[in-house]
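FYI, it's all coordinate maths here, none of it is from the lab. Model, not experiment: these values are computed from the prediction. Neighbour counts are summed over all protein chains in view; Cβ atoms, including those assigned to glycine, are modelled from backbone coordinates with ideal geometry.
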Amino acid sequence: IEEHLNNIHEKYVYSTSPSAIKEHLRIIREAKKNIFSTNVVRKERFDITEFTICSTKDRIGLLSDIVGTLTFHDLNILSAKVFTRRDGIAVDDIKIVGIVEDDVWEGINNHLENVLLKDLSMDNMIKNHRKYLRMKKKKKLNVPTSVKFDNKTSDNLTIIDIETQDRIGLLYLISKTLSDLSLNIEYAKIFTEGDKALDVFYVNDENKNKITSKKRLLNIKRRVTEVLSTQFI
């Protein structure tokens, strides 16, 4: 346990219960045998499904591949906590709206295996799925997008605060955009309040440094705002 806690962002220690840490350690042990491992807990009383995934090979774009798979299966993410250990092991806790049945999870695990182990292109999966999503009833974007940066709180990570309209595939949109900008997500917390999404990402660049260039920060803000002005993924 001590090795695990020393290897991960301090926010993990403050925001994760002892029982959840114990479960994460179990999943990490499984993932070390198979590269990734998952666990599902259905909470019918609250009509949510809690999904935990661990991957032993963190990389830029890992989060977008995971949440892209969930989006492909039409699952709506209520909230998420994303942690990456210093040794490259990623642990993601994701709460999904509704009770997800076994047959759906079987399909999700098959897709995750293809994406994480066999390099199946998530971009192609999402592109093929876009037509279906666009047939659904559109929701007007009433919440303006706000992107703010904090380079003071952390010594080696840039914090990006994003407030925007919640929608299908939102976390995929944001995480894919950040990965396209060569940003690595070390920690993230995603929260939904009505139609409003409040997302916080702790990121660094390809060399594990915070983003200090004003030009690059402006480009990140411009690109994220531009992407989130669209209706769908």
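With the cut-off at 29 Å, tell me which of the pairs Lys11/Lys148; Lys11/Lys118; Lys22/Lys152; Lys32/Lys176; Lys95/Lys214 have Cα atoms farther apart than that.
Long pairs (Cα-Cα over 29 Å): Lys11/Lys118; Lys22/Lys152; Lys95/Lys214.
If you take the square roots of the eigenvalues of the alpha-carbon gyration tensor of the stretch 24-118 and sort them as a ≥ b ≥ c, do you get rounded (a/c under 1.5), prolate (a/b over b/c) or oblate?
Note, shape of the stretch 24-118 comes out prolate.
With a Cα-only, solvent-free Debye model of the chain, what are the log10 I(q)/I(0) values at q = 0.08, 0.13, 0.17, 0.18 Å⁻¹?
-0.28, -0.78, -1.40, -1.58
Report the relative contact order of the chain, percent, no decimals, based on alpha-carbon pairs under 8 angstrom and at least 6 residues apart.
20 percent
Could you derive backbone 3J(HN,Hα) for the stretch 161-166 from the dihedral phi with the Karplus parameters 6.51, -1.76 and 1.60 (θ = phi - 60°), listing whole Hz in sequence and x where the residue is Gly or Pro?
9, 10, 10, 7, 6, 6
Ignoring everything except DSSP H segments at least 4 long, calculate the 222 nm mean residue ellipticity for the chain; use -39,500 (n - 2.57) per segment, divide by total residues, nearest 500.
Per the formula, -12500 deg cm²/dmol.
Which value in Å is the Kirkwood Rh of the stretch 146-227 over different Cα pairs?
Kirkwood hydrodynamic radius for the stretch 146-227: 12.8 Å.
For the chain, which span is the longest to avoid every loop-located (per DSSP) member of GluC sites (Glu not before Pro) having at most 15 other Cβ atoms inside 10 Å?
Segment 102-205 is the longest.
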